[in-house]
Amino acid sequence: MNSSAPPSVCPRVDRPHRRASPVSRALFALVAAACITSSGCSTTRARVDESSRQVTARNDQGADEVSYRIGPTGSDWRRVDVADGPDVAWEVGNTGVLVHVYHACGRNMDSPLPALVQQLLIGFTDREFVEEETIPFDGREARHVLVRAKLDGAPVLIELYVLKKDGCVFDLSCVGSPDRVTATRPAFRAFVEGFRTDRTPMARTNEGR
């Protein structure tokens, strides 16, 4: 990962067109589904402190909304900027595998975890759940799934963690061609295991009471 590159100069992954790769379309499909679920996407970007691995993400008005920490990223993970997309995203080496974290707070957050997972998979066909479980995660429960699917006929593998906490939903995903996501899973698991929230709007409100 290029730790010296600020988010504003990260390579940009724009909305996919007909020649976009299956992986780019798959990530966009996940992001689009998350936007639908949360009634809209923020176009602001997150700040990442490389030394502490703290991410500070902002809302539509540009104000700091949440902060959280992530696990280690591999030396070959390269930050990318996904248009109208997640807080942070990485491409894993030259494999085409993409890892991202997305959050949304305050709107339409009452759905149960399995329903949130299903909403994120809108646009994918021939879905097969290889793994599906509810696990303890950051002091709450999260839904973890591994899904084989197709997007426009191309096979993809999606590993997804969905967490609801303090009025916010956090999605952590790894998506790409099946063989390459399988090879990335140990590094992605370490990345996920290091995740924890620091601040959320509800937590700040409760602190002020």
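The values are calculated or read from the model by the stated rules, or taken from the named source; none is laboratory data. What you see is a predicted model; the values in this text were computed from it and never measured. All Cβ positions, even for glycine, are placed from backbone atoms using ideal geometry, and neighbour counts span all protein chains on display.
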> Do you know which of the residues in segment 104-150 that are acidic (Asp, Glu) and at pLDDT 85 or above is nearest to residue 199 (Cα to Cα)?
Replying inline: 138
>> Please determine whether any residue of segment 109-121 is more than 27 Å from residue 74 (Cα to Cα) and in contact with a Cys (Cβ under 8 Å, 6 or more places away or on another chain).
In response: yes
> Which condition breaks for residue 164 when tested against (1) without any contact (Cβ under 8 Å) to a residue 24 or more places away in the chain; (2) in a strand (DSSP E or B); (3) not polar (S, T, N, Q)?
Replying inline: (1)
>> Could you check segment 37-57 and list, in sequence order, the residues that are modelled with pLDDT of 75 or more and of a type in the set (Lys, Arg)?
In response: 47, 53
> For the subset of segment 79-88 comprising residues that are assigned to a strand (DSSP E or B) and either of a type in the set (S, T, N, Q) or surrounded by fewer than 23 Cβ atoms within 10 Å (Cβ to Cβ) (or both), which member is modelled with the highest pLDDT?
Replying inline: 79
